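The values are calculated or read from the model by the stated rules, or taken from the named source; none is laboratory data. The model shown is predicted, which means the values in this text are computed figures rather than measured ones. FYI the Cβ positions are ideal-geometry reconstructions off the backbone, even for glycines, and counts take in every protein chain you see. Heads up: the accessible areas ignore ligands, DNA and RNA and are worked out on the full protein's heavy atoms, side chains in. Shrake-Rupley method; radii C 1.70, N 1.55, O 1.52, S 1.80 Å.
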Amino acid sequence: MPATSAQGYPRTLDALGAQLGLHGLTAQVAHFLAAQYGLDPADPTTDLTMFNKPFMRVRVHHSAVATYHAPGDPSGVGGMRREHIRATPSWRTGAARYDCVFISKDPTQPGFRGLYAARVRLFLSFKFESKPYECAVVEWYVPVGNEPDEETGMWVVEPEFNDDGSSRPYEVIHIDTIYRSAHLIGYYGDEFVPPTLLASDSLDAFAAFFVNSWIDYHAHEHVQ
């Protein structure tokens, strides 16, 4: 993450969640910290009291850098590549930009079977027990089926919603679990895409998405 933080945000965890509409952010950070300490936050017997810190000081960041192995890139040092991932309410004085990413799930599985797809809504950093943490708030995409689409060869995912369908849940993860950026294409079926649709709204306009393995040759190596 950048050494400097973004300006204009509350400096405490509870106030930040309230301003951004991330209700329950303090509880989500508590779940994250419990998992970092080897506890199961989903277990009702787990005591989360020591991790529940609504007045903990936090910093917001609008980007992070991902460094990953790209064996098909001969120009990279040791086959390594760097790219910026953005989560900002205004990109280059224009519309908001919240990038999608791949998150490591199971390194033993090939391609997308070993990855999650998610959208980054926020980068934040804080200290707990004097130890620094760099995190991302993400919304998940769920695979449709167990195989790629037969016609395109691309996996299809759909946004995860709460059981009542009212809103999208989110989770706090460590940025070390982010593998690289991801590119999703709206699954528009037999309908024409409205010419008025803006790129900044595309991730909210479709019910399902193709996981684009053709956006660059790195993705073709990593996602197939």
Completion exercise
By the C-alpha gyration tensor axes a ≥ b ≥ c (rounded if a/c is under 1.5, else prolate when a/b exceeds b/c, else oblate), the shape of the stretch 163-224 is oblate
Exercise for the section: Mind pulling the per residue volume of the convex hull built on the Cα atoms of the chain? Å³ is fine. Expected result: 169
Problem - Check: the stretch 103-171 dipole with +1 on Lys, Arg Cβ and -1 on Asp, Glu Cβ, in debye - result: 500
Exercise for the section: Determine the share of the stretch 95-224's accessible area contributed by carbon and sulfur atoms, expressed in whole percent, with a 1.4 angstrom probe. Expected result: 51
Practice task
On the full set of protein chains, 1.4 Å probe, figure out the accessible area of ASP204 and give it in Å² to the nearest 10.
Solution key: 100
Handout entry: Protein-only accessible surface order, largest first, of ASP164, ASP99 at 1.4 Å
Key = ASP164, ASP99
Problem - Cβ-based charge dipole, the chain, positive-most Cα from HIS61, GLN28, LEU48 - result: HIS61
Exercise for the section: Could you order ARG97, ARG168, ARG82, ARG11 by accessible surface area, starting with the largest, using a probe radius of 1.4 Å? Expected result: ARG82, ARG11, ARG97, ARG168
Fill in the blank from the handout: Under 5 Å from the placed amide H of ARG97, counting only residues 5+ away or on other chains, we find THR88, SER90, TRP91
Practice task
Could you please state, rounded to a whole Å, how far the C-alpha centre of the stretch 120-135 is from the C-alpha centre of the stretch 185-219?
Solution key: 31
Handout entry: Per residue accessible area of the chain, 1.4 Å probe, in Å²
Key = 56
Handout entry: Dipole axis of the stretch 83-224 (+1 Lys, Arg; -1 Asp, Glu on Cβ), positive-most option in ALA182, TYR133, PRO143
Key = TYR133
Exercise for the section: About the Cα centre of the stretch 11-126, how large is the charge dipole given +1 on each Lys and Arg Cβ and -1 on each Asp and Glu Cβ? Please answer in debye to the nearest 20. Expected result: 540
Fill in the blank from the handout: Carbon plus sulfur, as percent of the 1.4 Å-probe accessible area of the stretch 1-59, comes to 54
Handout entry: Principal-axis tilt of helix 25-36 within the chain, Cα atoms, nearest 10 degrees
Key = 90
Practice task
Determine, at each q value in 0.30 (inverse angstroms), the log₁₀ of I(q)/I(0) that the Debye formula gives when each Cα of the stretch 1-57 is one equal point scatterer.
Solution key: -1.14
Completion exercise
In a Gaussian network model of the chain with springs linking alpha carbons closer than 10 Å, the residue among THR88, THR45, THR12 that fluctuates most is THR45
Practice task
Let me have the 222 nm mean residue ellipticity of the chain computed from DSSP H runs of 4+ only, each contributing -39500 (n - 2.57), with the sum over all residues rounded to the nearest 500.
Solution key: -3500 deg cm²/dmol
Practice task
Could you rank THR177, THR4 by how accessible they are, 1.4 Å probe, largest area first?
Solution key: THR4, THR177
